[in-house]
Amino acid sequence: MSTSANEDLVIFTQNLALHTVTPADYELLAVDRSDPNLWQGRGFTNPFRHLVDDPGPLPYRIPRIRANPNLAKYLLRLAVYLPTQEIIGSSGFHAEPDEAGMIEIGLGLVPEYRGRGLAQELLHGMWGWVVHDPLVNILRYTVSPGNEPSQAIIKKFGFTYIGQQIDEEDGPEDIFEMSAEEYRVKFSK
């Protein structure tokens, strides 16, 4: 995992470039998620219409970016598959690190790219970047007990099961955590 000269804009993994959705991008997305000007000049396309047909986290992220544009580096990154330069999903933290330094992640991949190990690579890219943020102490991942693919992914990472919570929209979710220090030790090369 490496970052570009401006580490807040793009995180690179073996197969992915994780591009920050900028405050200007959020403004375009707020008006028209299919705006042809959205990703012009960024070097990638959106043939799978990610975040177009289903807005995903955008309704929650747009007002937060308007209130604090500095959150953009945390809240949403587009996963661009390097061999094709196509958006195949996205990932982002639900918020900036809280008072305890906890940060929770979410992600989504288009169906055409699931089952190839890219979700795991996407998580490694995001976590590998954020564990170097001095405000981050705890990585959190929540998942529905019935979401077997996501349950399998988090178990591969070795996160600790903390308990369960009830999400207002998604219902019961299992909570998994790992300290940023443990992640750095376990996965740094």
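Taking the options Leu71, Leu78, name whichever one is touching a Ser or Thr at 6+ places or on another chain (Cβ under 8 Å) and either under 20 Å from Leu122 (Cβ atoms) or part of a helix (DSSP H, G or I) (or both).
Leu78
Residues being under 20 Å from Val110 (Cβ atoms) and either without any contact (Cβ under 8 Å) to a residue 40 or more places away in the chain or exposed (fewer than 11 other Cβ atoms within 10 Å of the Cβ) (or both): count how many of those fall in segment 33-46.
Number of matching residues: 7.
Can we say Ile154 is among the aliphatic types (A, V, I, L, M) and either assigned to a strand (DSSP E or B) or under 22 Å from Leu51 (Cα atoms) (or both)?
In short, no.
Is there a residue in segment 167-176 that is under 23 Å from Ile11 (Cβ atoms), surrounded by 12 or more Cβ atoms within 10 Å (Cβ to Cβ) and at pLDDT 95 or above? Outline the logic, then answer.
So the first thing to find is which residues in segment 167-176 are under 23 Å from Ile11 (Cβ atoms), and the list is 176.
Subsequent filtering for residues that are surrounded by 12 or more Cβ atoms within 10 Å (Cβ to Cβ) retains 176.
In the following step, the residues that additionally are at pLDDT 95 or above were identified as 176.
Yes: one or more hits.
Loosely packed, with under 13 Cβ neighbours inside 10 Å, assigned to a loop (DSSP other than H, G, I, E, B), among the charged types (D, E, K, R) and out of contact with any strand residue (DSSP E or B) (no Cβ under 7 Å at 6 or more places or on another chain) - does that describe any residue in segment 124-146?
no
Quick check, is Pro149 closer than 16 Å to Glu121 by Cβ and free of Cβ contacts under 8 Å to residues at least 40 places away in the same chain? Walk me through how you get there before you give the answer.
On the way: closer than 16 Å to Glu121 by Cβ: yes; free of Cβ contacts under 8 Å to residues at least 40 places away in the same chain: yes.
Yes, satisfied.
The values are calculated or read from the model by the stated rules, or taken from the named source; none is laboratory data. Predicted model only: the values in this text are computed from it and were never measured. No Cβ is skipped: glycine too gets one built from the backbone with ideal geometry, and neighbour counts run over all protein chains shown.
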